[in-house]
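Structure first, then comments.
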Amino acid sequence: MVAGVATVVVAGGAAVYLWHTQAVTRVRPGSAVSLRGGQVTFLAPKGWRREACPTPDSGCVIFRPPGGAPQIGSVTFGAPPGFGHPPGSGDPSSAAPPSAAVGDPGDAVTVIVATPDPHAPEGDIGRLSLDPAFSAGGGVRYFTVDGVRFAQSHMDAITSPVALPAATLVLGVLPNNDDVRIACSERAKPALVKAGCQIVIDSLHVRT
């Protein structure tokens, strides 16, 4: 889809109108995707490349847009970048715990259904984002899918302690205590990633 913007230039006392075309980002819904045997379903962005996560798991999938920036380095997709950073904490240095990412995921939408490690002594501080009292003033949007509460936030790009692109982050906890996580990382094509990310979020369903 192409839209136009008119620019007025005054030349010799006469107004000259120049018409500039602008490409409008539009992503259409594609085929249905099922994770963990239908525990979580959603629509993939049409025409995007589907990739498996590095560790074989029926609960993890990655989608990359045409022409998007590739992954650089090693990324552990068991915990998408930013889920260790509670929204509103004001501490971007906590955005990428050592176990979350050491590389740049590039332009990607990653969807994960994961069972938390019951032996983790610190627990998952990312779940604090589901508490409105903790996230007050942090720009978190709450929504419900099939009775399950989700929290959505956006993180700006950071350069320290590791460089990570801006990202939209979504987290929900299923009745069986599994996490549903969506990480939409924006590198070269942020508008395209945001549009594809929204398709996944808007079409999300969970089996409870």
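The values are calculated or read from the model by the stated rules, or taken from the named source; none is laboratory data. Given the structure is predicted, the values throughout are model-derived calculations rather than measurements. All Cβ positions, glycine included, derive from the backbone under ideal geometry; neighbour counts span all protein chains shown.
List, please: which pairs have Cβ atoms under 8 Å, are six or more places apart or on different chains, and start with a residue in the range 107-121 that is more than 28 Å from Lys189 (Cα to Cα) and end with one that is modelled with pLDDT of 80 or more? If the second residue must be modelled with pLDDT of 80 or more, the pairs left are Thr115/Asn177; Thr115/Asp178; Thr115/Asp179; Pro116/Asn177; Pro116/Asp178; Pro116/Asp179. Looking only at residues in the range 22-53 that are modelled with pLDDT under 85 and more than 12 Å from Thr110 (Cα to Cα), the one that is surrounded by the most Cβ atoms within 10 Å (Cβ to Cβ) is Thr25. Pairing each residue of the range 34-52 that is under 18 Å from Val206 (Cα atoms) with any residue that is of a type outside the set (Phe, Trp, Tyr) and in a loop (DSSP other than H, G, I, E, B), provided the two are 6+ apart or on different chains, yields C-beta distances under 6 Å for Leu35/Gly59; Arg36/Ser58; Arg36/Gly59; Gly38/Arg207; Gln39/Arg207; Phe42/Ser203; Phe42/Leu204; Leu43/Ser203. One residue alone among Ala166, Ala191, Ala157 is farther than 18 Å from Val61 by Cβ and in contact with a helix residue (DSSP H, G or I) (Cβ under 8 Å, 6 or more places away or on another chain), and that residue is Ala166. The residues in the range 154-195 that are of a type in the set (A, V, I, L, M, F, W, C) and outside any strand (DSSP E or B) can be counted, and the count is 9.
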